[in-house]
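The values are calculated or read from the model by the stated rules, or taken from the named source; none is laboratory data. A quick note: this is a predicted structure, and the numbers were derived from the prediction, not measured. Cβ atoms come from the backbone with ideal geometry, glycine included; neighbour counts cover every protein chain shown.
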Amino acid sequence: MRRNSPNPVASKGAISRVLVFVAIALLAAGCATIDPQVVAPPKPSAAAAPPKPAVDPEKRRLMAAFGGEYIAPAVQAYLDNLLAKLAPASETPTEPYRVTLLDSPVVNAFALPSGDIFVTRGLLALAGDGAEVAAVMAHEIGHITARHASQRAELERQGRLFSRVSTQLLERPEQGEEYVARTKLTVARFSREQEFEADRIGVRVIAKAGYDPYAAARFLDKLGRWSAMHAGGGGANAKPDMMATHPSTPERIAAAVALARQIGAKGIGDPARDSYLAAIDGLAYGDNPAQGLAVGTLFVHPKLGFAVRAPEGFALENQSTALIGVGEAGTQALRLDSIDAGSASLEQALGSGWIDGVQTNSIETLKDADLPTAIAIAKGDQWTFRLAAIRLGSRIYRLIFAAHTLSEPVDASFLASIRSFHRVTSEESGMARQAHIHTVTAEPGDDAASLARKMGGVADGEATFLILNGLQGGGATPAGQRYKIIGP
């Protein structure tokens, strides 16, 4: 979690889906965040790629939402070289494409009409070879060449304009609402069509560039498995990940396979596996401890000097804007962020409007907390919120818990979590270490289980190992072949 200028917006209840709730209602959109974000200046790319221009403010904000640029010269050079091979094979070979690696564990990639392509280190961790990364980048090139972003923007602009005319000028709000609903459905269908079109372009581009055309389907399958593994508690899907922007469906996978078959049988094209594994050896994996680190239900932020434990069973995700948690199959959630304390008291902070429905008569000081703490209750349409304002240094940390039903046991678990907010200990600081991707060579007798054991305390170790390496349960791990594992 990172800290920037506060711009709190009131949050409301009445949310039907927990992930939408986590992303919108509980987030109190635009709230202050926890840790200062520093975006490194652009560094020189490989000679084969055009130089990166100065980062404009909008692009900088977009990059900041995904952790800023990740500085890894060898990995960046590898991506630049991939792009140097893909660009001439694209439908617009003179386009000044650029690729930027982002410091986010989220699996995502996206592109701007300017020709800028962004890839997260989380995506590189999941990809099994260079051809899979090339497939993702070629897919984004497909969005650029087909002008999908501008087409969607125009469709959405027309929808907003028609709604405004119907509502304000013609005094027919029901027509405006109906058109907005139809526009949303059209945009959703349009997005689906765009994804298939970008897939078609992408497969053709990677094949023409000499890469394995089946890599696109391979990565889509892996993405679906990865997201399914993390979907149980809301975890990874609470972030703006690739499953939100690039839905991976059996139909898309089948279509990608059919496209590849039109080009040739399996085995054609370069998977670029060995060179890729060599390039990403040592790549950071998971959350960046400098921005806070979730270890089970414990969240530790040595840089800002605090730790807090979420209620049992919560899945935590450290987003760029806040710490988000989901529990009890989506019926409970939490958010932690911070604001500049200023001269306001904790009680004033709770009643200042950063969430709607605060019951001012419920505001009280918590006597048995490690740090100065005030609590309150707020009620929405479908959610009830337990709030806490905690003072540490010059910041007020804001804990928002939500439940469909705030029973006494549920509220007791929320209050216990609030009381757990404390100054970080040296032992907890030692837990916040950055994990990395390493490559190891399978020895005779090795299997997935024995290789997964090398990853120490990684949650779902064997399942994670299988997905990261594109293996199924019981799949062979031939001696002499290299595999990705997670370690210090």
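Every residue in the range 306-334 that is under 19 Å from residue 392 (Cα atoms) and of a type in the set (A, V, I, L, M), please. Give the steps one after another, and end with the answer.
Within the range 306-334, the subset under 19 Å from residue 392 (Cα atoms) is 306-310, 321-323.
Passing the criteria: 307, 308, 310, 322, 323.
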Going by what's in this entry, would residue 376 be described as under 31 Å from the mean Cα position of the chain (by Cα) and in a helix (DSSP H, G or I)? no
Across the range 107-125, what is the total count of residues that are of a type in the set (A, V, I, L, M), crowded, with 23+ Cβ neighbours inside 10 Å and either in a loop (DSSP other than H, G, I, E, B) or at pLDDT 95 or above (or both)? 4
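Among the candidates 378, 412, 374, single out the residue that is more than 24 Å from residue 328 (Cα to Cα) and either in the same structural domain as residue 342 (by TED's automatic domain parsing) or of a type outside the set (Phe, Trp, Tyr) (or both). Explain how you work it out, then say what you get.
On the way: 378 fails: more than 24 Å from residue 328 (Cα to Cα); 412 fails: more than 24 Å from residue 328 (Cα to Cα).
After ruling out the rest, the residue left standing is 374.
Output the number of residues of the range 389-416 satisfying the condition of being outside any helix (DSSP H, G or I) and charged (D, E, K, R).
Filtering the range 389-416 down to residues outside any helix (DSSP H, G or I) leaves 389-407.
Imposing the further condition that a residue be charged (D, E, K, R) reduces the set to 391, 395, 398.
The qualifying residues number 3.
Restricting the search to the range 61-80, which residues are part of a helix (DSSP H, G or I) and either within 15 Å of residue 110 (Cβ to Cβ) or touching a helix residue (DSSP H, G or I) at 6+ places or on another chain (Cβ under 7 Å) (or both)? Write out each step before concluding.
Filtering the range 61-80 down to residues part of a helix (DSSP H, G or I) leaves 61-65, 73-80.
Within the range 61-80, 61, 62, 63, 64, 65, 74, 75, 78, 79 qualify.
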In the range 71-82, anything surrounded by fewer than 23 Cβ atoms within 10 Å (Cβ to Cβ) and either aliphatic (A, V, I, L, M) or modelled with pLDDT under 95 (or both) is listed as 71, 72, 74, 75, 77
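Have a look at 272, 315, 310 and point out the one that is crowded, with 20+ Cβ neighbours inside 10 Å, modelled with pLDDT under 90 and touching a helix residue (DSSP H, G or I) at 6+ places or on another chain (Cβ under 9 Å). Full working, then the answer.
Working: 272 fails: modelled with pLDDT under 90; 310 fails: modelled with pLDDT under 90.
Result: 315 is the single residue among 272, 315, 310 that is crowded, with 20+ Cβ neighbours inside 10 Å, modelled with pLDDT under 90 and touching a helix residue (DSSP H, G or I) at 6+ places or on another chain (Cβ under 9 Å).
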Looking at residue 78 and the list (1) free of Cβ contacts under 8 Å to residues at least 24 places away in the same chain; (2) closer than 25 Å to residue 266 by Cβ, which single condition is not satisfied? (1)
Pull up the range 474-488, narrow it to residues that are touching a Ser or Thr at 6+ places or on another chain (Cβ under 8 Å) and surrounded by 18 or more Cβ atoms within 10 Å (Cβ to Cβ), then point me to the one that is farthest from residue 437 (Cα to Cα). 483
Of everything in the range 302-354, what is among the small types (Gly, Ala, Ser), touching a strand residue (DSSP E or B) at 6+ places or on another chain (Cβ under 7 Å) and in a loop (DSSP other than H, G, I, E, B)? Give them in sequence order. 305, 310, 313, 322, 341, 351
Over the range 283-341, the set of residues polar (S, T, N, Q) and more than 18 Å from the chain's Cα centre (by Cα) is 297, 331, 332, 338
